[in-house]
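Encoded as structure tokens, the structure appears first; notes follow it.
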Amino acid sequence: MSDSFVIDAATVVTPEAVLPECSVRVEQGRIAELRPGGSFNGSDPHLDARGKHLFPGFIDLHCDAIEKQIEPRPNTFFPVDIAIHELDKKLAACGVTTIFHSLSFAELEVGLRSNGMAAKIVREVNRQAPTLRINTRVHTRFEVTDGGAVPILQELIRGGEVGLFSLMDHTPGQGQFREVASFKNYYGPVYAKTEEEMDRIIARKQQAQNGDALTRIGRLTDCCREHLVALASHDDDCAAKLDWLQQLGVGMSEFPVNLAAARAARDRGITVILGAPNVLRGSSQGGNLSAREALAEGCGEILCSDYAPQTLLHAVLTLDRLGLKPLHEAVNLVSRNPAQAVGIGAKTGALVEGLAADLQLLDLAQGFPRVLKTFVGGLEVYGSC
């Protein structure tokens with residue numbers, strides 16, 4: 001498409017409503033005007049979108065699909081730059097226009113979740129970002145039992161390499177893994193670890209949890225606040241923990257493990273992030289809180305893809321179909337709300353005049369949803385028609 005073009009007669013989803021037969025004019029990479037029920041004259045190219053939906057591009061704050069893209073099988077690694085570019089193609093095809101690749105710093109765990117490998121990938125993602133189709137940022141996840149990660153993460157934060165930072169604690173016996181067996185059952189098969197190896201990993205994590213974790217957390221959250229990096233927490237399980245996190249400046253709670261924690265976050269003004277795979281499947285993989293239940297209780301402002309970018313669109317449509325959210329509110333969960341949570345809402349995240357033309361054109365009429373085109377800053381980065 002040219003620098004200026006018109007999308008004609010689409011069903012346009014704005015933050016407040018669904019507008020049938022609405023035309024959108026794009027100029028110099030921005031949404032210049034919405035015209036419900038009308039079109040635009042002039043010589044600009046026109047894209048006929050009758051019968052199609054126009055959504056804002058998805059903004060995904062938590063996606064660790066990059067880990068499997070680099071290490072598709074245990075101890076089998078692809079070149080990091082190739083993995084980044086191949087995943088970029090897939091994300092554009094899923095309607096994602098801004099991605100926060102989630103990378104874990106967790107030396108006491110397994111696979112890519114080691115400090116050296118994670119730091120290498122963070123730097124490579126940022127190095128490749130200008131050449132990628134979609135807006136690309138990094139979400140660093142800090143396992144609080146990992147003391148060695150602190151100086152590495154401080155360097156990355158100070159260097160502008162981090163767009164979002166979260167705290168997580170996968171120590172068995174609390175949070176996501178309330179039962180030791182659930183930790184073993186997850187990590188053992190995924191990373192091909194024996195029972196004895198898993199016992200050693202668990203023992204190291206439990207010992208480290210009893211160390212100076214609070215000091216480590218304080219140093220890193222101070223660094224994030226100093227450099228205006230948004231803060232989140234992971235797998236919160238009680239109100240007391242959320243009170244403490246709020247004092248640290250944490251503004252988002254990812255995947256609260258029970259409804260009480262989700263309500264506590266909501267009541268404190270902490271943004272609740274839920275998983276799109278959970279919405280689509282109807283339940284949590286680990287037997288924790290159902291995202292549908294949380295949303296039905298008014299707890300949940302953002303959906304993220306977690307590990308499966310293809311679930312974002314299906315989750316949005318599922319919420320609309322089940323009557324849990326009208327379509328425009330469901331779309332806000334994956335566009336406007338995440339943009340606002342990380343401070344980019346004045347630039348992107350909604351079909352609003354003046355914002356970046358980060359858009360996706362969809363066919364929802366054939367019984368199975370299909371992304372037809374994805375635009376980033378008005379440039380077509382994916383097309384299937």
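Brief remarks on what is shown
- In terms of distances greater than 19 angstrom between alpha carbons, the cross-link table entries K347/K373; K241/K325; K89/K373; K89/K325; K120/K347 yield K347/K373; K241/K325; K89/K325; K120/K347.
- Counting neighbouring Cβ atoms within 10 Å and putting the fewest first, the residues D64, D88, D243 line up as D243, D64, D88.
- Here the Karplus curve 6.51 cos²θ - 1.76 cosθ + 1.60, taken at θ = phi - 60°, turns the phi angles of the range 285-297 into couplings of 4, x, x, 8, 4, 6, 5, 4, 5, 4, 5, 5, 8 Hz, with x standing for Gly and Pro.
- Using θ = phi - 60° in the Karplus curve 6.51 cos²θ - 1.76 cosθ + 1.60, the 3J(HN,Hα) couplings for the range 244-260 round to 5, 5, 5, 5, 7, x, 6, x, 9, 10, 8, 6, x, 7, 8, 5, 4 Hz; x is entered for Gly and Pro.
- For the chain, a Gaussian network of Cα nodes joined below 10 Å ranks D169, D44, D236 by mean-square fluctuation, and the top entry is D44.
- DSSP finds beta bridges in the chain, and of those with both partners inside it, around 45 percent are antiparallel.
- Least to most buried among S4, S43 (fewest other Cβ within 10 Å first): S43, S4
- Rounded to the nearest 20, the Cβ-based charge dipole of the chain about its Cα centre (Lys and Arg +1, Asp and Glu -1) stands at 180 debye.
- Least to most buried among I121, I134 (fewest other Cβ within 10 Å first): I121, I134
- Per residue, the chain reaches -10500 deg cm²/dmol at 222 nm when only DSSP H runs of four or more residues are counted, each adding -39500 (n - 2.57).
- Charged neighbours of T318, selected by a Cβ distance under 11 Å, balance to +3 (K, R count +1; D, E count -1).
- Shape category assigned to the range 233-385 from the gyration tensor of Cα positions, a/c cut at 1.5: oblate
- Rounded tilt (10° steps) of 213-226 against the dominant C-alpha axis of the chain: 30 degrees
- Part-to-part distance (alpha-carbon centres) for the range 1-49 and the range 208-266, which is given in Å: 41 Å
- Calculated from backbone phi, Karplus (6.51, -1.76, 1.60) coupling profile of the range 68-80 in Hz, x at Gly/Pro: 6, 5, 7, 10, x, 9, x, 6, 10, 10, 9, x, 4
- Global geometry of the range 299-385, whether rounded, prolate or oblate, following the gyration tensor of its Cα atoms and the 1.5 cut on a/c: oblate
- Centre-to-centre, using Cα atoms only, the range 324-385 and the range 56-133 are separated by 21 Å.
- Cα shape, the chain, gyration tensor, a/c 1.5 rule: prolate
No value in this document is a laboratory result; all are computed from the given coordinates. Predicted model only: the values in this text are computed from it and were never measured. Quick reminder, even Gly has a Cβ in these numbers, built from the backbone with ideal geometry, and neighbours come from all protein chains shown.
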